[in-house]
Amino acid sequence: MIEHGTILKSAEKYMRTRKNDVHIPISYSYAMKLADNYPEADRDVVGAAIILHDIGWYSIDEEDIFKKGFQSKNFMKSDVRYLHESEGVKLGTEVLKKLGYADEFIEKVCYIIDGHDTRDEARSLEDKIVRDADKLWRFTLTGVSVASDWFKQTPSQYCARLETDIIPLLDLPESKEMAMADLEETKTALCADIL
């Protein structure tokens, strides 16, 4: 098994945008929990892909990230969404090459990064784990606190959106269970039934 901390540290400079220095570690934790349920999954690919999946946002103007990537009508298919994926492939390749990873491994990781937000369906078990972990952080108290601002919603509004729009997008049954449990805890902490 590879040392995921080395990849995380090597990608740190690319995480200083869009709260990725918070989002990525939380998502990494979810990815490892999900991978525990699927011993057939390649944990090395999952770990590297979840760490590197959103570093492409580093290359995009922050105003464009929020206006086009989170607040436009069809934000999931916006140009900046595709751009952050392609930039993530470039930067992820650079990080992994500098660390000495084989081309075959880099291709597997980048295959997941490319399209992780914009593809309608997962390409593999590892892709399902990464895509779900990417979404699961949103259900935490931290995720709701951060993402409700991105979407210009109150925490209560954002919690409702998670229930109706995001839970149905999760691929794995364990992900749905985690999401519902975390959302209930978050709603209670934020008094979402009152505020």
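Under a 5 Å amide H cut-off, with hydrogens placed 1.01 Å from N, Gln153 pairs with nothing among residues at least 5 apart or on other chains.
For the chain, the alpha carbon positions stretch 52, 38, 28 Å along the principal axes, listed from largest to smallest.
All Cα-Cα distances of the stretch 125-172, cut into 5 Å bins from zero to the largest, leave 5, 23, 30, 22, 13, 6, 1 percent in each bin in turn.
What value, in deg cm²/dmol to 500, does the helix sum -39500 (n - 2.57) over DSSP H runs of n ≥ 4 give at 222 nm once divided by the residues of the chain? Don't skip to the answer; put the middle values down first.
Details: 10 runs with 119 residues, N = 195.
Rounded to the nearest 500, it is -19000 deg cm²/dmol.
As a quick test, which of the pairs Lys19/Lys90; Lys33/Lys176; Lys128/Lys152; Lys9/Lys108; Lys13/Lys33 have an alpha carbon distance above 18 angstrom in this structure? List each step's numbers first, then the result.
Working: Lys19/Lys90 20 Å; Lys33/Lys176 13 Å; Lys128/Lys152 28 Å; Lys9/Lys108 20 Å; Lys13/Lys33 26 Å.
Distance filter (> 18 Å) returns Lys19/Lys90; Lys128/Lys152; Lys9/Lys108; Lys13/Lys33.
Could you give the longest part of the chain that holds none of the GluC sites (Glu not before Pro) found in DSSP loops with at most 10 neighbouring Cβ atoms within 10 Å?
41-120
Just so you know, all these numbers are worked out from the coordinates, no wet-lab data involved. Quantities reported herein were computed from a predicted structural model and do not represent experimental measurements. Cβ: placed from backbone, ideal geometry, glycine included. Neighbour counts: every protein chain shown.
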